[in-house]
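The structure under discussion appears below in the form of structure tokens.
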Amino acid sequence: MRIKLYIDEDAMSHALVQGLRARGLDVITVFDAGMVGESDESQLEYATAQGRTLYTFNVGDFCRLHESYLSQGREHGGIIVVYRQRYSVGEQLKRLLSLVDRKTADEMRNHLEFL
């Protein structure tokens, strides 16, 4: 099954979302889901419940959440992290599309991926 993305507030870019959708990716954002302002853990729980991989610039907090989930035996739908100023929107789009072509949703389960 193909990766479906959930983009959090930190990584939200209309241009990125439009680019991903234009290329056929199933993408929702915190705004679409009505999850603006919710905690990081709530965002990850929502993404997991929806069968989605979370995409964020919030590297530190989501790395800690990933480790916490694993140590507690909890599962999540996958996390993709990227440092905020590392890549342009175009480069993020290119790298996300490449990742979606290389990995399935099952391969992303409980996986933390640095873009």
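Here are a few things to note about the model shown:
- Global geometry of the chain, whether rounded, prolate or oblate, following the gyration tensor of its Cα atoms and the 1.5 cut on a/c: rounded
- In this Cβ point-charge picture (+1 for Lys and Arg, -1 for Asp and Glu), the chain has a dipole of about 540 debye about its Cα centre.
- Counting every C-alpha pair in the stretch 60-115, the share spaced more than 17 angstrom apart comes to 42%.
- As a fraction of the 1.4 Å probe accessible area of the chain, surface on carbon and sulfur atoms comes out at 45 percent.
- Length-normalised contact order of the stretch 41-115 in % [C-alpha pairs under 8 Å, at least 6 apart]: 38 percent
- Surface per residue (accessible, 1.4 Å probe) for the chain, Å²: 50 Å²
- A straight chain from Arg84 to Arg64 at 0.36 nm per residue would run longer than the Cα-Cα distance by 5.5 nm.
- 0 to 90° range, to nearest 10: angle between helix 40-49 axis and the chain longest Cα axis: 80 degrees
- Between Ser39 and Ala22, the contour length at 0.36 nm per residue exceeds the Cα-Cα span by 3.2 nm.
The values are calculated or read from the model by the stated rules, or taken from the named source; none is laboratory data. Just so it is clear, the structure is predicted and the values come from calculations on it, not from any experiment. Cβ coordinates were reconstructed from backbone atoms using ideal geometry, including for glycine residues, and neighbour counts include every protein chain displayed. Heads up: the accessible areas ignore ligands, DNA and RNA and are worked out on the full protein's heavy atoms, side chains in. Shrake-Rupley method; radii C 1.70, N 1.55, O 1.52, S 1.80 Å.
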